[in-house]
Amino acid sequence: MDRLFYFFYQYRAFFTFLVLELFAAWLIVQNNQYQSTKFFNSSNHLAANIISTTQGVKEYFSLRRINTELAEENAQLRTKLEQRNQSLYNLEVREIKDPKIINRFDFVSAKVISNSVERFKNYITINKGALDGIAPGMAVISVAGAVGKVKSVSDHYAVLISLLNTEEFTSSVIKRTNHFGSINWDGKDPLYSQLNFIPRHADPVVGDTVVTSGFNAVFPAGVLVGIIDEVNLGPEAQFYDLKVKLAQDFSKLAFVEIVRSNLLKEKDSLEQITIGLPK
């Protein structure tokens, strides 16, 4: 404290001069209209810049919260859209009032906290688990399209099998021709996958849309998987060799939605009893 007082005492002349200069400037601004206008315009401009910068910093640090809120809102909207589509289907095809059928799927948003694309068997970790109603076998999608399915869960986390996994097969259909096959990654380019088991009479073309078939009761029907990028057919081949550009760029995956099928257990139990299919 003594050093501080000594510093002010040592430079007392300078500080006195500074105070007088500021007082003189204040008198000029107060008593002259032109200088007063210039001063307040400049000060308002400076204040506006400071406020704008401060607001920009606040918005930057709130992006995580905003993204989470948008993901949750998107999941709610997707649930309502699926209910609407199911209701329209019921009105057009059959009169059904069972809420379990109308509410066949619902969606839970989650943030990706770990992801890989460079392995043959890639997995994704998310920040939602059993306490959020997540269970193994549930399908996972994003705003762009299909992502994979849940492999295992703990109370607060879940590990997903990515579509970029050579052991993962997803039932899919060419939207234009309605021929169905299976999407399976060949372990090469993470932007592309293969659509298998499309028969030679199907006549697929480059640009055809590939969506989920809905046959396995895990994925809702019509979720975008990708677009056919290459079409090849050997002279003796029974099936096309189709290269599909995936809708989701997995290297940019940040948020996902877990699809909870409310009728999956009923379907699996019936198939188990009737034809002995494994659960």
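The values are calculated or read from the model by the stated rules, or taken from the named source; none is laboratory data. The structure presented is a predicted model; accordingly, all values stated were derived computationally and were not measured. Counting neighbours? That spans all protein chains shown, and the Cβs are built from the backbone with ideal geometry, glycine included.
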Search result, residues across segment 116-131 that are assigned to a strand (DSSP E or B) and either without any contact (Cβ under 8 Å) to a residue 12 or more places away in the chain or among the charged types (D, E, K, R) (or both): Lys121
Segment 214-224, subset part of a loop (DSSP other than H, G, I, E, B) and of a type outside the set (Gly, Ala, Ser), residue surrounded by the most Cβ atoms within 10 Å (Cβ to Cβ): Phe219
Condition broken by Glu95, with the remaining ones in (1) at pLDDT below 90; (2) touching a strand residue (DSSP E or B) at 6+ places or on another chain (Cβ under 8 Å); (3) closer than 22 Å to Gly214 by Cβ satisfied: (2)
Any hit, segment 119-128, residues being touching a Leu at 6+ places or on another chain (Cβ under 7 Å) and not β-branched (Val, Ile, Thr): yes
Residues (part of a loop (DSSP other than H, G, I, E, B) and surrounded by fewer than 17 Cβ atoms within 10 Å (Cβ to Cβ)) located in segment 204-213: Val205, Val206, Gly207
Residue satisfying all of: in segment 225-239; among the hydrophobic types (A, V, I, L, M, F, W, C) and surrounded by fewer than 19 Cβ atoms within 10 Å (Cβ to Cβ); nearest to Val147 (Cα to Cα) among these: Ile227
Enumeration of residues in segment 190-242 that are within 29 Å of the chain's Cα centre (by Cα) and of a type in the set (Phe, Trp, Tyr): Tyr192, Phe215, Phe219
Enumeration of residues in segment 166-203 that are surrounded by 22 or more Cβ atoms within 10 Å (Cβ to Cβ) and of a type in the set (S, T, N, Q): Thr170, Ser172, Ser193
Residues (over 14 Å from Phe107 (Cα atoms) and either surrounded by 15 or more Cβ atoms within 10 Å (Cβ to Cβ) or more than 22 Å from the chain's Cα centre (by Cα) (or both)) located in segment 243-262: Lys243, Val244, Lys245, Leu246, Ala247, Gln248, Phe250, Leu253
Matching residues in segment 227-267 - criterion: being touching a residue at least 40 places away in the same chain (Cβ under 8 Å) and assigned to a helix (DSSP H, G or I): Phe250, Ser251, Leu264, Lys267
